[in-house]
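The values are calculated or read from the model by the stated rules, or taken from the named source; none is laboratory data. Because the structure is predicted, anything quoted here is derived from the model rather than measured. Glycine also receives a Cβ, built like all others from the backbone with ideal geometry; neighbour counts cover every protein chain displayed. Heavy atoms of the whole protein, side chains included, go into the accessibility calculation; ligands, DNA and RNA do not. Shrake-Rupley method; radii C 1.70, N 1.55, O 1.52, S 1.80 Å.
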Amino acid sequence: MTLESRLKAKAADLGFALAGITSAQPPESYAHFQSWLEKGMAGEMHYLAKGANARRDLNAILPGVRSVVMLAMNYCHKLPSDGALDREPSTTGRIAQYAQSADYHHVLWKKLDELLGWLKSVMPDAQGRGVVDSAPILERDLARRAGLGWFGKNTMIIHPHLGSYFFLAALLVTIPLHSDPPFDTDHCGTCTACLDACPTQAFPVPGQLDARRCISYLTIELRRAIPQELRSQMGDWVFGCDVCQEVCPWNHKAPLAHEPALIPLPQLQTPKAQEWLTTPADTLKRDLSPTPLFRPKRAGLLRNVCMVLGNQKQIGALPFLTKALFDEEPLIRGAAAWALGQFNDQHSIEPLTRALQTECDPHARSEIEVAIEKLSTSVIADSPS
């Protein structure tokens, strides 16, 4: 067996579903990435612009790099054919599949370290670095070039047998390895299911994502209030979004994942997100820090919960939103006010009015005033003439 074959066999033993090799040459999509940044479609993800030059030259990540081993690990645990497309909207929030288990970064980093350790055992002079969306590289471009799949119209890498429910990881190495053929064919054809199904219409053209409209961006990366015009379109997504993957035909028969470390946690498969609004801050951090869910911090996560509750309008959520209206975080208070304003319930006016008397934050105060006006107008409209 060649070194490349043995390396891929070791990757498979570690649980990686796909492995391919490419050179460390600059990625072909760099110009497209720069244009995307210049159009402002990265939103507030300013770190993407800061690391832009490093994405062009992998030597900025690992000096002397010669080859890149691109790897994919399956995280799919529920197929659309299992009912994901026909589901009833959740009243407590929904979490994207990739975030329903332990933090995947730690899982993949450990496996990359093991793979690098094996490589060094047979090639002592080899140096390397494992990367899991934590360093400025264009992983998807490298994955396509390593033969792992094609760029779907939703910008994700799609493999004909694995679909798109997988994590990408990269092992940069300083030794030359024989490259695999790139995946040069596109199998999306005329299908536009992912573009048509996006709740916020985040794809201005096929193959281009406007992150500013993407639910995953809004619930994870955005640190301020969610734009008014997009709130109702977020539905029941409290963290991330899987819609464009759920409708993709290539995912309908994808294999399920078997990695033990990525088994979904029951409390995240069917989260009782409204209860997070009354959970002490230190307890919430303790419970969720080992998962991806704490990336937007407590303020961002509970802002998302309020959006979901406002969209679902379940009467049982009112006590939780009323408590959130007096939270220490103004972002949460503003989101709770908006959510209360979505209920056609005059009893919400009293806590909103009470909150207005002490609210000092301009944004939260504005949200409260708008909610009171909305509810007052609704009460007048519903009154008998």
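Points to keep in mind about this one:
- Probe 1.4 Å - accessible area at Glu329, Å² to nearest ten: 70 Å²
- When restricted to Cα atoms, segment 230-385 yields an Rg and a Dmax of 18.0, 63 Å, respectively.
- In the structure shown, the pairs Lys111/Lys272; Lys272/Lys297; Lys272/Lys313 are assessed against 22 Å; a Cα-Cα span above that value is assigned to Lys111/Lys272.
- Nearest 10 degrees, 0 to 90: helix 349-358 Cα axis against the chain principal axis: 80 degrees
- For the Cα trace of segment 37-76, dividing Rg by the Kirkwood Rh returns an Rg/Rh value of 1.11.
- GNM flexibility winner over the chain from Ile61, Ile368, Ile157 (Cα, springs under 10 Å): Ile61
- Projected onto its three principal axes, the C-alpha set of segment 230-300 covers 42, 36, 19 Å, listed from the longest axis down.
- Segment 175-252 - percent of accessible surface contributed by carbon and sulfur, probe 1.4 Å: 58 percent
- Disulfide-incompatible cysteines by the Cβ rule (no partner under 4.7 Å) in the chain: Cys76, Cys188, Cys191, Cys198, Cys214, Cys241, Cys248, Cys306, Cys360
- Per residue of the chain, the DSSP helices (runs of n ≥ 4 H) give a summed -39500 (n - 2.57) that works out to -11000 deg cm²/dmol at 222 nm.
- Two-decimal Rg/Rh across segment 88-182, once Rg and the Kirkwood Rh are taken from alpha-carbon atoms: 1.05
- Hydrodynamic analysis of segment 299-341 uses the Kirkwood radius over alpha carbon pairs. Inserted into Stokes-Einstein at 10 °C and 1.306 mPa s, it gives a translational diffusion coefficient of 165 µm²/s.
- Normalised per residue, the volume of the convex hull around the Cα set of segment 160-273 (Å³): 183 Å³
- Only alpha carbons enter this Debye calculation for segment 190-237, each as an equal point scatterer, and the log10 of I(q)/I(0) it gives at q = 0.19, 0.24 Å⁻¹ is -0.60, -0.89.
- Å² of accessible area per residue within the chain, as computed with a 1.4 Å probe and no ligands counted: 45 Å²
- Ratio Rg/Rh [Cα only; Rh per Kirkwood] for the chain: 1.02
- Residue order by solvent-accessible surface for Asp113, Asp236, Asp125 is Asp125, Asp113, Asp236, largest first, with ligands and nucleic acids left out and a 1.4 Å probe.
- Amide H contacts of Ile21 (H built 1.01 Å from N, under 5 Å, at least 5 apart or other chain): Met70, Asp180
- Among Gly235, Gly189, Gly128: highest mean-square fluctuation, GNM of the chain, C-alpha pairs under 10 Å: Gly189
- With all protein chains modelled, accessible area of Glu373 [1.4 Å, Å²]: 120 Å²
- Carbon + sulfur, % of accessible area of segment 265-330 - ligands and nucleic acids excluded, 1.4 Å: 53 percent
- Over the chain, Cα pairs under 8 Å with separation of 6+ residues give a relative contact order of 19 percent.
- Rounded to the nearest 20 debye, dipole of segment 285-385 from Cβ charges on Lys, Arg, Asp, Glu: 500 debye
- For the chain, built as a Gaussian network whose Cα springs stay under 10 Å, the top-fluctuating residue of Leu218, Leu58, Leu265: Leu265
- Applying a DSSP loop filter and a limit of 13 other Cβ atoms within 10 Å to the GluC sites (Glu not before Pro) in segment 242-342 leaves Glu328.
- Excluding exposed DSSP-loop trypsin sites (Lys or Arg not before Pro) (at most 13 other C-beta within 10 Å), longest clean stretch of the chain: 88-222
- Order of exposure, largest accessible area first, which applies to Cys306, Cys244 with probe 1.4 Å: Cys244, Cys306
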